[in-house]
Each structure stands twice: as C-alpha cells, then as structure tokens.
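Working notes, structure below.
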Amino acid sequence: MIQFHNVSLAYQRDATALKDISLRIAKGEFVFLTGPSGAGKTTMLRLIYGALVPSRGQVLIDGQNVSRLTRSQLPFLRRTIGVVFQDFKLLQNRTVFENVAITLEVQGLGSRADIGKKVMHVLRQMGMENKVQLTPPRLSGGEQQRVALARALVNEPKILLADEPTGNLDDANKMQILNIFKEANIKGTTVVVATHDRRLIENAHYRPIRLHNGELADEGEAVDEQKQ
Ligand code: ADP
C-alpha cells in the first residue's frame, strides 16, 4: 500500500530531514512510526499524503508514484487518505457536525441526507452524538481529538495517518483513541501512527518503524501481505 524507495527529503539544501529511506507498509497493516522529536516522522507522513515531494527517490501509494501525480490528480489520492494532524486543525467557529461533514461536502460525496447519515454514524462511533452542535472551543482535548478522527474516518479512507494523536491526552482517552484506530484497521484501513508515546506502543503489538536523525533505525518485522 505504501512504499518508500531510497527516499531523501531536504527542506533546505544542507539540512536533510530524511535520508535514503526504503520501506514497505502492506495493505491492512497497522504500524507505529516512532523516534525522538525531529527524527522525521511528520516529514514521512507529509510525503505519504503528497504534501511534500521527495528530493530523491520515490513514494508509491497503491502502486502510484506520488510525485508523478498532476495537480488535478492529487485530490483523488487525498480522498483515499484520512489525516489526523498534531493540532487537530478543526474549524473553530463551525460545529462538530459541520467539521466532519466538510470532508464529504468538499468531495461532493452524496446528497445532504446521505452526508447527514454518515456524519451521525461516525460521530456515534466516537461517542460524540450528544455534542454535534457544539464548537471546538467548548470541547475537551480528548473530544476534539475524536472529532478530528471522525473527520478523517467519515469517508472510510484506505489509509489513516495520525501525527502524535495522543499528545495531550490522559491514559483513558489514549486507550479510547487507540481502540478507534484498531477498529478502523479491522475494517481494512491501513493505519500509520506517528508517536513517541511508549505507553501507546506497548499497549498494542503493532510493527514499530523507528526513525533516528532522519534515518531508518529499525523497521521491525515486515508483515507478509499474503497473510493479511
Ligand atoms: P518529527 O515529526 O519526528 O518530530 P519532523 O519530520 O517534524 O520530525 O522534522 C524532521 C527534521 O526536519 C527536523 O530537523 C526539523 O527541524 C526539520 N523540519 C521539519 N519541518 C521543516 C520545515 N518546514 N522547514 C525546515 N525544516 C523542517
């Protein structure tokens, strides 16, 4: 599903954020992208959803070379990828419902009634059905995180990317978020979670891909696609 072939990324000429990364994440896999702050985790996620193009090498998503996509093709790739950003990026003056519905509206996916059904379904899964009319400033950190997850999952993406999704959450909220990831993965979504949260990694036995100073330090046991 996700392949990196000798990928390097330099934001500036003499500062390489990723160095010669080659790895493969199989369809339906769940991996943790780990490593200290500055290791290159966010940069890898940005390469996967096509927000950055590699300085060298290739990133393939479902067999497609991301850097060869044209401006008009890129939105089609993005539709298949749900992203949960470190700072949630929720619209502060829109309701919970509107924040989630927007994913489907911008993609022109379905009638108003269809969209309403899908949004309520995913918000119910997140336990947020009683807060649909509130705006993000009136929610706790854990609740905002669940809205961000609902927005990322509402169109059933092939790939879910999450950047430090449990950053400011307490243990109970962390485990709740982890369970949502697990459920999405069970339904077939390939999940990539960038985190340096040891508790999260230890509580779920998924493959840890470890980065250090922009290099691949350890990519764990690759999962055989045949067994997926
Ligand atoms: P992580 O997510 O593991 O904390 P990042 O991918 O954010 O790591 O950063 C990797 C390296 O790239 C760091 O040295 C960081 O300072 C640098 N970097 C990240 N974003 C930018 C940017 N927009 N411009 C320049 N350097 C950046």
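How large is the charge dipole for region 35-104, taken about the Cα centre, if only the Cβ atoms of Lys, Arg (+1) and Asp, Glu (-1) carry charge, to the nearest 20 debye?
For region 35-104, the charge dipole is close to 200 debye.
Give the distance, in whole Å, between the Cα centre of region 1-30 and the Cα centre of region 46-68.
Centre-to-centre distance over Cα atoms comes out at 9 Å.
Lys/Arg Cβ at +1, Asp/Glu Cβ at -1, dipole of region 87-156 taken about the Cα centre: which of Gly110, Asn130, Ala150 is farthest positive-ward?
Positive-end residue among those listed: Asn130.
In deg cm²/dmol, rounded to 500, what helix-only [θ] at 222 nm does the chain give when every DSSP H run of at least 4 residues adds -39500 (n - 2.57) and the total is split over its residues?
-9500 deg cm²/dmol
Could you size up the charge dipole of the chain around its Cα centre, putting +1 on the beta carbon of Lys and Arg and -1 on that of Asp and Glu, and report it in debye to the nearest 20?
640 debye
Using every alpha carbon pair in region 87-156, what percent of pairs falls into each 5 Å bin from 0 up to the bin containing the largest distance?
The percentages, shortest bin first, are 3, 20, 34, 25, 14, 3, 0.
With respect to the cross-link table entries Lys158/Lys182; Lys19/Lys41; Lys89/Lys187; Lys118/Lys187; Lys131/Lys158, which display a Cα-Cα separation exceeding 18 Å?
Those over the limit are Lys89/Lys187; Lys131/Lys158.
Given the convex hull over the Cα atoms of region 119-172, what projected area results after averaging over all orientations, in nm²?
The Cα convex hull of region 119-172, projected and averaged over all directions, gives 4.1 nm².
Can you give me the Cα centroid spacing of region 72-92 and region 157-206 in angstrom?
Computed from Cα coordinates, the inter-centre distance equals 17 Å.
Scan the chain and report its longest stretch carrying no trypsin sites (Lys or Arg not before Pro) that are both in a DSSP loop and have at most 15 other Cβ atoms within 10 Å.
Segment 95-186 is the longest.
For region 87-156, with only Lys/Arg (+1) and Asp/Glu (-1) charged at the beta-carbon, what is the dipole magnitude about the Cα centre, in debye rounded to 20?
So the magnitude is around 120 debye.
What share of the DSSP beta bridges in the chain is antiparallel, in percent to the nearest 5?
Close to 50 percent.
Among Gln92, Ser22, Thr190, pick out the residue whose Cα is farthest towards the positive end of the charge dipole of the chain, where Lys and Arg carry +1 and Asp and Glu carry -1 on C-beta, about the Cα centre.
Value computed over the given set: Gln92.
Let me test this: with uniform point scatterers at the alpha carbons of the chain, what is the Debye-based log₁₀ I(q)/I(0) at q = 0.07, 0.10, 0.15 1/Å?
-0.22, -0.45, -1.02
Bear in mind these aren't lab numbers, they're just calculated from the coordinates by the rules spelled out. Keep in mind the model is a prediction, meaning the values are calculated, not measured. So basically every Cβ, Gly included, is an ideal-geometry build from the backbone, and we count neighbours across all protein chains shown.
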